[in-house]
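Worksheet: the structure to be examined is printed underneath.
Read-outs: derived from the displayed coordinates by stated rules, not from any lab. Owing to the predicted nature of the structure, the values given are computational and were not obtained by experimental measurement. Backbone-built Cβ (ideal geometry, glycine too); neighbour counts: all protein chains shown.
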Amino acid sequence: MRKSCQELVERIRGEVSDLDRVVKRAWMTWNRSKQLSSEQEVYIDSVALNLHSIYSGLERIFELIARHVGEKIPSGELWHRDLLKQMSQEQKDIRPAVISTDSFFCLDEMRRFRHLVRNVYTFNLVPEKVEPIVADLVTSWSKVQAEILAFADFLEQSG
């Protein structure tokens with residue numbers, strides 16, 4: 001395997017390991033927010049930051065993959081969405097899809113939430129709107145994680 005490919009595989013696996021920790025932290029903090037309603041706002045802020053970090057980490061992985069296989073990194077106002085879409089599609093004779101269509105839809109919700117977190121004060125976050133994002137993340141993370149690690153395996157075998 002080429003050294004650059006092995007470095008990419010190691011980077012992907014390291015990022016996924018870190019993301020797993022952040023997903024668990026977001027879930028733990030979300031549960032704590034429900035138990036301590038008097039301090040819920042502080043916990044929601046933490047959950048929002050962790051969700052922001054999770055999507056940012058995933059996007060970092062997707063950019064690394066696109067650069068490594070020679071794909072064009074999307075540009076323009078919708079580049080974040082376009083990169084996510086790109087990762088859900090097979091690139092004929094280059095690579096399989098990195099994530100499934102189902103994962104695309106879940107992560108697209110997270111991408112939109114990250115945009116919201118970046119553009120509003122956290123005291124404007126409504127717990128009832130955060131809850132479905134956290135719930136979707138917890139149910140879909142193992143699938144997203146497995147898909148990304150399977151792609152790392154693909155790189156390792158083809159590298």
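Key figures for this structure:
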| read-out | value |
| --- | --- |
| Between 0 and 90°, nearest 10: helix 101-119 axis offset from the chain longest Cα axis | 50 |
| Options A152, L51, L116, ranked by Cα towards positive dipole end of the chain, top entry (Cβ charges) | A152 |
| Filter on K34/K85; K92/K129; K72/K129; K34/K143 - keep pairs with C-alpha separation over 32 Å | K34/K85; K92/K129; K72/K129 |
| Net length gained if the chain between E41 and R13 were fully extended (0.36 nm per residue, minus Cα distance) | 6.8 nm |
| Total charge dipole magnitude, region 3-158, about the Cα centre, Cβ charges on Lys, Arg, Asp, Glu only, Debye to nearest 20 | 160 |
| Stokes-Einstein D (µm²/s) once Rh is taken as the Kirkwood radius of region 1-96 over alpha-carbon pairs, at 37 °C in 0.692 mPa s | 214 |
